[in-house]
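**Q** To start, I am sharing the structure in question, which I have written as structure tokens.
All of the numbers you see were taken from the coordinates with simple rules; none came from a lab. Just so you know, these numbers come straight off a predicted model, no measurement behind them. Positions of Cβ are backbone-derived with ideal geometry, glycine not excepted, and every protein chain shown enters the neighbour counts.
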Amino acid sequence: MSSPRPISATLLLWMALLLFAYGATRLVGALQWQSVLAEFKSVLSPLYLAASGGAWIVLSGALLWGIIQRRRWARFALLASAVLWYVQYWIEQLQFEVERNNVNFALTVTTTALAIVMTTAFLPSAKNYFQKS
């Protein structure tokens with residue numbers, strides 16, 4: 001019988017679920033609001049938003065499976081995904097957003113989220129969870 005999942009691994013699972021929700025929201029929003037995005041001449045096209053949302057759904061689905069199956073690569077893949085999300089967010093913010101009123105707040109929140117993922121992934125309980133039994 002396998003040991004129960006530690007809090008750190010559960011937290012990593014929730015982080016992967018948040019990436020899934022992010023991708024689903026992005027995909028559904030792009031499809032439902034494509035006429036509004038076109039009307040207001042959005043810099044980011046609905047096709048790009050939908051494709052990137054779909055990619056996040058596939059990636060986070062693989063992460064969820066890997067975490068549940070206790071795959072060793074899942075911990076590192078979640079780290080890579082968090083960094084990729086961080087980079088994508090800031091490229092979109094700095095290159096395509098006109099208003100930058102809340103840059104300090106956004107920087108604080110996104111950097112804190114990235115730090116939480118990185119810290120949690122390297123906790124001894126998370127490392128032990130992903131070791132082959």
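**Q** Among Thr120, Thr112, which is among the β-branched types (Val, Ile, Thr), buried (at least 17 other Cβ atoms within 10 Å of the Cβ) and over 25 Å from Val28 (Cα atoms)?
**A** Thr120
**Q** Something else about it: Could you list, in sequence order, the residues of segment 45-60 that are crowded, with 18+ Cβ neighbours inside 10 Å and either more than 15 Å from the chain's Cα centre (by Cα) or among the charged types (D, E, K, R) (or both)?
**A** Pro46
**Q** Any idea how many residues of segment 84-109 are touching a Leu at 6+ places or on another chain (Cβ under 9 Å) and loosely packed, with under 13 Cβ neighbours inside 10 Å?
**A** Looking only at that region, the number is 2.
**Q** Something else about it: Would a scan of segment 61-79 turn up a residue that is polar (S, T, N, Q) and surrounded by fewer than 14 Cβ atoms within 10 Å (Cβ to Cβ)?
**A** Checked segment 61-79: at least one residue is polar (S, T, N, Q) and surrounded by fewer than 14 Cβ atoms within 10 Å (Cβ to Cβ).
**Q** Does Ala30 fit the bill of being aliphatic (A, V, I, L, M) and closer than 19 Å to Phe96 by Cβ?
**A** Criteria met by Ala30.
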